[in-house]
Amino acid sequence: MPLVLGRTSEGKAFAMRDSCPHRGMPLSYGHFDGQTVECGYHGWRFDACTARCVEVPSLSSQDKLKVDRIFAGHYPCEERDGYVWVYMASRDRRAVDNSPDTRVPETGPDAPELPVFSKKYKITHLACELPSHVDQGIIGLMDPAHGPFVHQSWFWRSKHSIHEKQKQFEPIPYGFRMSPHSPSSNSAPYQLLKRITGEGVTTTIDFVLPNMRLEEIHSGKMWFSSRATVTPVRRDLCRIDFVAAWNLPFLPVFLFRMFGKTFLRQDQETMIKQAEGLKHDPKLMLIDDADRPAKWYFALKANLLESRRTGAKMEHPMTGPVTLRWRS
Ligand code: FES
Ligand SMILES: [Fe+2]
């Protein structure tokens with residue numbers, strides 16, 4: 001569904017279907033004056049926030065058409081952490097037929113918000129496309145075993161630092177959590193942080209349906225918080241959007257972006273190569289314990305779809321805390 005997004009002169013984000021209700025011209029080819037979107041074909045104008053038509057220039061004094069009964073398709077949306085979240089519930093699909101009584105509700109669920117832990121902080125965004133199905137992108141996010149092979153860098157870790165790990169996981173609504181723990185001793189940045197604050201470092205990582213990985217790192221008053229989402233673009237293409245915020249004085253934005261881009265590029269290059277293999281539709285396997293998070297993801301997704309289908313309560317694939325062991 002193509003959308004046209006914008007911000008009014010008061011700074012409020014809006015999202016409309018990118019199609020004029022008159023004759024289907026994409027509204028994004030039109031003009032926006034900060035309040036109303038004007039179609040480039042016959043000049044119909046729509047209020048950006050309500051999508052209500054405010055003018056049909058061709059009408060003469062004889063015409064009886066009630067302009068304010070015409071709506072362009074529009075969706076509730078909110079801006080958070082530099083992203084515009086558009087609520088497009090599938091049951092509201094009929095909303096796009098533009099008639100006033102089938103418009104989308106004004107409110108949706110709260111838009112996700114990156115947790116931050118102090119007034120002042122730095123924030124930055126990164127994005128990259130992966131040539132794979134969204135499921136592959138998501139399990140890539142939660143995959144602990146590729147680190148030593150894909151993310152070798154002088155500043156992060158070497159292949160030889162691989163060692164056995166044991167992490168506790170617990171169920172959370174619509175997802176699972178790697179319980180707060182001290183991050184692996186083989187990563188240099190954590191050691192630096194520990195040395196600076198003189199306090200222990202704890203990390204918590206959550207995965208939440210449909211597509212979100214959240215990570216929080218705390219050490220004394222210092223914190224780092226990030227969120228990665230994987231959005232399907234096509235069957236064979238998805239996009240990772242990554243946002244991170246922190247109050248670590250020694251980490252300037254440019255430096256973090258340099259590291260972040262390196263990481264994402266490493267994942268991207270790996271998935272480009274993997275896509276070559278997946279073209280031939282090979283049989284795949286998920287092994288314990290390293291691929292257990294991937295198994296939980298598939299089970300969570302299946303259970304959610306099933307509960308939507310039947311209306312029954314969603315079953316969680318985990319019954320309680322679990323300890324997983326792997327080497328990475
Ligand atoms: S198509 Fe938009 S005004 Fe006619
Ligand atoms: Fe990775």
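Readers should treat all values here as calculations from the given coordinates under stated rules, not as data from a laboratory. Just so we're clear, the structure is a prediction, and the values are computed from it rather than from any experiment. For neighbour counting, all protein chains shown are included, and Cβ atoms are generated from backbone atoms with ideal geometry for every residue, glycine included.
Structure values in brief
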{"read-out": "Net charge dipole size for segment 3-86 [Lys, Arg +1 and Asp, Glu -1 on Cβ; Debye, nearest 20]", "value": "300 debye"}
{"read-out": "Size of charge dipole - the chain - debye, nearest 20, with Cβ of Lys, Arg +1 and Asp, Glu -1, no other charges", "value": "580 debye"}
{"read-out": "Segment 5-25 versus segment 178-218: alpha-carbon centroid distance in Å", "value": "40 Å"}
{"read-out": "Over 27 Å (Cα to Cα) - which of Lys119/Lys194; Lys167/Lys194; Lys12/Lys221 fall in this group", "value": "Lys12/Lys221"}
{"read-out": "Peptides 261-270, 247-256, 136-145 ordered by average Cβ neighbours within 10 Å, highest first", "value": "136-145, 261-270, 247-256"}
{"read-out": "Estimated 222 nm signal from helices in the chain, with DSSP H stretches of n ≥ 4 weighted -39500 (n - 2.57), rounded to 500", "value": "-6500 deg cm²/dmol"}
{"read-out": "Efficiency of FRET between His163 and Asp33 - r from beta-carbon atoms, R0 51 angstrom, step 0.05", "value": "0.25"}
{"read-out": "Separation in nanometres of the label points that stand 7 Å from Cα toward Cβ, at Val56 and Thr310", "value": "4.9 nm"}
{"read-out": "Rg/Rh for segment 122-327, where both radii come from Cα atoms and Rh is the Kirkwood radius", "value": "0.96"}
{"read-out": "Least to most buried among Trp44, Trp326 (fewest other Cβ within 10 Å first)", "value": "Trp326, Trp44"}
{"read-out": "Gain upon complete extension [Lys295, Thr323; 0.36 nm per residue less C-alpha separation]", "value": "8.6 nm"}
{"read-out": "Sequence ranges 310-319, 122-131, 276-285, 201-210, ranked by mean other-Cβ count within 10 angstrom, highest first", "value": "201-210, 122-131, 310-319, 276-285"}
{"read-out": "Estimated vicinal HN-Hα couplings, Hz - segment 24-38 in sequence order (Karplus 6.51, -1.76, 1.60; Gly, Pro = x)", "value": "x, 4, x, 5, 5, 7, x, 10, 10, 9, x, 10, 10, 9, 10"}
{"read-out": "Virtual paramagnetic centre 7 Å along Cα→Cβ of Leu209, amide N under 19 Å, in segment 301-323", "value": "301-321"}
{"read-out": "Extension gain, Arg265 back to His125 (0.36 nm per residue minus Cα-Cα distance, nm)", "value": "48.9 nm"}
